[in-house]
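To start, the structure itself, in structure tokens.
The values are calculated or read from the model by the stated rules, or taken from the named source; none is laboratory data. All values derive from a computational prediction rather than experimental measurement. For neighbour counting, all protein chains shown are included, and Cβ atoms are generated from backbone atoms with ideal geometry for every residue, glycine included. The accessibility values were calculated without ligands, DNA or RNA, using every heavy atom of the protein model including side chains. Shrake-Rupley method; radii C 1.70, N 1.55, O 1.52, S 1.80 Å.
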Amino acid sequence: MDDDWLSGIIEPLNGKVAIGPQKDWVDAALQSRAAFGSGLRSIGLPEDEVKRAVSLRDDTEAQLRAIELDIESYRPPGVMFAVDPVPPELYARQRSVWRRLADYFSDREVRVLDTDVTEVRVPLFVLAGADVAGCTATFDQQEMHSRPLTWSMTVFGNGLGGSCELKASAEASFTAAAGQTKVVFQPLKLMLQRIAVLLDGRQVGGGVQVDSGSIRTDSSPGLLLLSAEARPPAGPSVQRFPLAGDTTGALATYKWIYARTAKRNLSLGVDAFHTKLSLTVGTELTTQVTLQYELRGGHDYVLLRADEGDGLLWAPVELPADSA
């Protein structure tokens, strides 16, 4: 992702953030196939080895899913047991399958050559006002009263760096005026490790690793007012508002329910040791959001889904034909 657009004037925003548990690289690999493969490439492993490791990861996931279904078959919903009815051999099989993936890199040494600390901004929600005088975008104060925006995040460390869970919240109290785009973001500090991967004392890989256990933040979510030239990546259209026929230029008010989403993986660019590193972050909006738009008549509007993080943007507004 080219996230150079994620800069601007910082505005006040009340919020909270909490760093949760870390997972080791095996569990992180099972969380995200794409992040696992990308992370192995970032530490310089040959492509054939990356494919073998990802294939083993896929086989491990399938076997663990089958075993989990077998385990659940011994536990009918709503039934309480004084003694666990699951045969011990099922748990033993589960541990054995997990261990087979964990042992894949046991004969390799990861040697840290240098470290550096950097900060990234994770986009969480985009709010934009249509670029016509008088238009606004805001959170519906009645619907969102005392209800903060909340997100869960998963940051995947590169290489064998595991993953880290975070939870963040922010007040839904800001407005985007005509032509403005505002972005809620979470700043994170990362420890970058320049590493060499050794096998029997011979280097077989090298690159940059992010250890999820090093992820820190000293700030709750922030709010950016983007510059007029910034162009956040936009996704597909979700609604058209054909108001060109309203020649009075009156303001029309619309409500839009933005439902919580499934977790979406973003690829953030990180400058690391004179190269560009791709960091995978999963974000999920965990509250339903009610937005209110004021749109001036005399124009047609197209609402677009934000392509990175959650939120909505506007397509460029075309002038009426007779005003060209």
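Structure notes:
- Taking each residue as 0.36 nm, the span from D200 to E47 lengthens on full extension beyond its C-alpha to C-alpha distance by 53.1 nm.
- Computed over the alpha-carbon atoms, region 1-143 gives an Rg to Rh ratio of 1.12, Rh here being the Kirkwood radius from the mean inverse distance.
- Note on V83: accessible area approximately 110 square angstrom, rounded to 10, probe 1.4 Å, nucleic acids and ligands left out.
- Those aspartates and glutamates that a straight Cα-Cα span of less than 15 Å connects to K23, excepting residues fewer than 8 apart in one chain: E165, D211
- The residues packed around R111, meaning those with a beta-carbon under 15 Å from its beta-carbon, carry a net charge of -2 if Lys and Arg are +1 and Asp and Glu are -1.
- Dimensionless Rg/Rh of the chain - Kirkwood Rh, Rg from C-alpha atoms: 1.07
- On full extension, the segment bounded by R216 and R99 gains 39.2 nm, given 0.36 nm per residue less the C-alpha separation.
- Nearest-0.05 FRET efficiency for A18 and V54, computed from C-beta distance (R0 35 Å): 0.65
- Folded to 0 to 90 degrees: helix 33-42 orientation relative to the chain principal axis, Cα: 80 degrees
- The chain, relative contact order [Cα under 8 Å, separation at least 6], %: 26 percent
- With the simple model of a label 7 Å out from the Cα in the direction of the Cβ, L90 to R240 spans 5.4 nm.
- Under the simplified labelling scheme, the Q142-S106 pair shows an inter-label distance of 6.4 nm, with each label point 7 Å from Cα along Cα→Cβ.
- Fully extended contour minus Cα-Cα distance, from L113 to L64, at 0.36 nm per residue: 14.1 nm
- Note on region 8-134: dipole from Cβ charges, positive end direction compared against F36, F81, T115; the farthest Cα belongs to F81.
- Per residue, in Å², the accessible surface of the chain once ligands and nucleic acids are set aside, probe 1.4 Å: 49 Å²
- Interchain or long-range residues, amide H under 5 Å from L124's placed H: V184, F185, Q186
- Shown is the FRET efficiency for E318 and T175, computed with R0 = 35 Å from the Cβ-Cβ distance and rounded to the nearest 0.05: 0.90.
- Accessible surface of the chain [probe 1.4 Å, protein heavy atoms]: carbon and sulfur percent: 51 percent
- When both region 11-45 and region 108-182 are represented by their alpha-carbon centers, they are found 15 Å apart.
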